[in-house]
Structures are given as structure tokens and as C-alpha cells.
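The values are calculated or read from the model by the stated rules, or taken from the named source; none is laboratory data. Just so we're clear, the structure is a prediction, and the values are computed from it rather than from any experiment. Cβ placement follows ideal geometry from the backbone for every residue including glycine, while neighbour counts extend to all protein chains displayed. We work out accessible area using only protein heavy atoms, side chains counted, and drop any ligands, DNA or RNA first. Shrake-Rupley method; radii C 1.70, N 1.55, O 1.52, S 1.80 Å.
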Amino acid sequence: MTTVELTRFKVPADRAAELLQARPAMLADFRADREGFLDAQLIRVDDETWLDVVWWRSSEDFAASREKGANLPGIKAFFAPIAELISAEEGTTEDYRA
């Protein structure tokens, strides 16, 4: 069983490029610093709404990541253009494919 993080947020349309430019460094920081991080996919829902789907090895790994917050420059840069957190959910999947 794999833990899935589902985070929906808003970014002003004029800051979308900033978000996308920061994404590779954010993922690199997660790979280097977040135990149990498996993968992530960023989905653009509309001009300002985004859904980040992140797979974790366990719920404990996800919780530890949340505790760290934006502790590294790449993560902080990715969070910077986010204007509003709409929702954050956690679920599980039986069929994660790396």
C-alpha cells in the first residue's frame, strides 16, 4: 500500500511560469531530503487551479515531510507563487507503479 498526497491550490495565472520553473528544483530537494518520496505529478485544472499528486512509501513518511515544510530553497521557491491552499488530502493506493 502506498500513501498518496492530493493537494489542490491556486496560483495567479501570471505566476504560473514561476511555479513551473521552480518545479524541477523542488523535486530534486524532495528526492534528496524526503525519506519515502516516490514520485509526483502536477496537474493544471484551470488557469489558476492546480492539483499536486505525490506518492509516498508510507503515511509516516508523508507526515515527516509535512513537518519539514519548505526547509530547502527549491521547495520554498515552488511554494512562493501559491496564493491559496484549497485542500490537502491523504489516501492510499494498492496499484502504484514507479
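Among the residues of region 1-22, the one identified as in contact with a strand residue (DSSP E or B) (Cβ under 9 Å, 6 or more places away or on another chain), part of a helix (DSSP H, G or I) and open to solvent by 20 Å² or more (accessible area, probe 1.4 Å) is L20. Could you check, for region 40-54, whether at least one of its residues is closer than 19 Å to M1 by Cβ, in contact (Cβ under 8 Å) with a residue 24 or more places away in the chain and either open to solvent by less than 70 Å² (accessible area, probe 1.4 Å) or part of a helix (DSSP H, G or I) (or both)? Within region 40-54 (the criterion being closer than 19 Å to M1 by Cβ, in contact (Cβ under 8 Å) with a residue 24 or more places away in the chain and either open to solvent by less than 70 Å² (accessible area, probe 1.4 Å) or part of a helix (DSSP H, G or I) (or both)), the answer is yes, since at least one residue qualifies.
Listed conditions (1) free of Cβ contacts under 8 Å to residues at least 40 places away in the same chain; (2) open to solvent by 40 Å² or more (accessible area, probe 1.4 Å) are all met by G36, apart from (2).
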